[in-house]
Amino acid sequence: MNSEKIKDRLDTFVDAILAIIATVMVLELPIKIVNRQIDFVNLFISIGVYLVSFCFLANIWYQHAVLFSEVEKVSEGIILRELILVFFLSLIPTFTKLMTEDVISATVILYGLLYLMIEFIFRWIAIDLIHSKYSNKSDMQRVYYSIYGKHNNQQTILNIVLIFLALFLPKIALFLYLAIPIRSFLTINDDRTDFKEVEKMPSQGIKTYLDMSGKDRVDFQKMMQRYRRQVHLSGSDQVLKEKAWNDFVQESKKSFNISEDQLKNWFNRPRHR
């Protein structure tokens, strides 16, 4: 079987596992009826715990779908890492069930550690896919870290903080875990588009980008994002698109001494003309 077919089957396999995990979690929600009365407090807490895990799974599914849409083939090493990822994902129903039975420090900390492990493995897979796709592996790995690294590091720090918070306030820590998948969902599209923009640059453009300081790279990414939003909001209005392009050019000249000719060469701009 060729690697393209294996990649498709692997993607389908992970999708199926995630669907099964979500189904198992909802089937195991405890519904206690005592003296013909439903314990609504316990039920709503359990639904809240399920919501945290569901958002986590949904975010993993979305990021996985985005990541695999960028590649056509997968190596044996990536397949192995995917199977390791699936193993840890399959533990989510068990850890979720533990928390539905009692939201205490031990159960939330175990959940946080599992969350941290899954994030680590997923990023390991993402970096391997970057290596497999590009010939200039070193440069593209640096681009990946420069674009995704900030949000990934912030997410890891937040996870660790919540694990420590769970020692004292487990219920608050648990529901604050909702912030991680929501935040990740809100940032992944901009990060992905920034990466693709830099990826399309000629080698000189990539070199210029990598030679920027960390702060300058962040500022340059914000400028690209602002330009994209302005173009999107302008719809078919060519005047507004032209204004967005000119603003982008002026900001680039002022902040980074990058000329309009360089920008046109790097981004093949303006595409809307």
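The values are calculated or read from the model by the stated rules, or taken from the named source; none is laboratory data. What you see is a predicted model; the values in this text were computed from it and never measured. Here the Cβ positions follow ideal geometry from the backbone for every residue, glycine too, while neighbour counts run over all protein chains shown. Quick note on the areas: whole protein, heavy atoms, side chains included, nothing else; ligands and nucleic acids left out. Shrake-Rupley method; radii C 1.70, N 1.55, O 1.52, S 1.80 Å.
Which of the residues belonging to region 261-271 are within 29 Å of the chain's Cα centre (by Cα), free of Cβ contacts under 8 Å to residues at least 40 places away in the same chain and open to solvent by 50 Å² or more (accessible area, probe 1.4 Å)? Once the filter is applied, which keeps residues that are within 29 Å of the chain's Cα centre (by Cα), free of Cβ contacts under 8 Å to residues at least 40 places away in the same chain and open to solvent by 50 Å² or more (accessible area, probe 1.4 Å), region 261-271 yields only R271. Looking only at region 170-177, decide whether some residue is surrounded by fewer than 16 Cβ atoms within 10 Å (Cβ to Cβ) and small (G, A, S). No, region 170-177 contains no residue that is surrounded by fewer than 16 Cβ atoms within 10 Å (Cβ to Cβ) and small (G, A, S). So is I182 open to solvent by 40 Å² or more (accessible area, probe 1.4 Å), under 30 Å from A106 (Cα atoms) and modelled with pLDDT of 90 or more or not? No; evaluated as a whole, the condition is false for this residue. Is it the case that some residue within region 41-49 is over 18 Å from the mean Cα position of the chain (by Cα) and polar (S, T, N, Q)? Among the residues of region 41-49, at least one is over 18 Å from the mean Cα position of the chain (by Cα) and polar (S, T, N, Q), which makes the answer yes.
Okay, residues lined up against (1) surrounded by 14 or more Cβ atoms within 10 Å (Cβ to Cβ); (2) within 25 Å of the chain's Cα centre (by Cα); (3) of a type outside the set (V, I, T):
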site	(1), (2), (3)
K215	no, yes, yes
K241	yes, no, yes
F248	yes, no, yes
S259	no, no, yes
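Quick check: is even one residue across region 241-250 modelled with pLDDT of 85 or more, not hydroxyl-bearing (S, T, Y) and not in a helix (DSSP H, G or I)? Looking through region 241-250, none of the residues is modelled with pLDDT of 85 or more, not hydroxyl-bearing (S, T, Y) and not in a helix (DSSP H, G or I). Under the condition of being open to solvent by less than 30 Å² (accessible area, probe 1.4 Å) and either within 18 Å of the chain's Cα centre (by Cα) or farther than 17 Å from P181 by Cα (or both), the residues counted in region 94-126 number 13. Selection of region 8-50 for residues being open to solvent by less than 70 Å² (accessible area, probe 1.4 Å), in contact with an Asp or Glu (Cβ under 8 Å, 6 or more places away or on another chain) and either among the basic types (K, R) or closer than 24 Å to Y62 by Cα (or both) yields L10, V14. Annotation for region 52-68: no member residue is surrounded by 15 or more Cβ atoms within 10 Å (Cβ to Cβ) and over 21 Å from the mean Cα position of the chain (by Cα). Beta carbons closer than 6 Å, at least 6 apart along the sequence or on distinct chains, pair a first residue in region 220-249 that is more than 19 Å from T208 (Cα to Cα) and without any contact (Cβ under 8 Å) to a residue 24 or more places away in the chain with a second that is surrounded by fewer than 16 Cβ atoms within 10 Å (Cβ to Cβ) and not aromatic (F, W, Y) for S234/L240.
Taking each residue of region 69-95 that is under 30 Å from L27 (Cβ atoms) and in contact (Cβ under 8 Å) with a residue 40 or more places away in the chain and looking for partners that are of a type in the set (D, E, K, R) and open to solvent by 40 Å² or more (accessible area, probe 1.4 Å) with beta-carbon atoms closer than 9 Å, six or more apart or interchain, yields P93/E28. Number of residues in region 144-174 that are more than 16 Å from the chain's Cα centre (by Cα) and over 22 Å from I60 (Cβ atoms): the value is 8.
Could you check, for region 115-123, whether at least one of its residues is in contact (Cβ under 8 Å) with a residue 60 or more places away in the chain and either of a type in the set (D, E) or at positive phi (or both)? No: region 115-123 contains no residue that is in contact (Cβ under 8 Å) with a residue 60 or more places away in the chain and either of a type in the set (D, E) or at positive phi (or both).
Rundown of residues vs (1) in a helix (DSSP H, G or I); (2) under 24 Å from Y111 (Cβ atoms); (3) open to solvent by 40 Å² or more (accessible area, probe 1.4 Å), yes/no style:
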{"position": "Q155", "(1), (2), (3)": "yes, yes, no"}
{"position": "I160", "(1), (2), (3)": "yes, yes, yes"}
{"position": "I188", "(1), (2), (3)": "yes, yes, no"}
{"position": "E197", "(1), (2), (3)": "yes, no, no"}
{"position": "G205", "(1), (2), (3)": "yes, no, no"}
{"position": "F220", "(1), (2), (3)": "yes, no, no"}
{"position": "R229", "(1), (2), (3)": "yes, no, yes"}
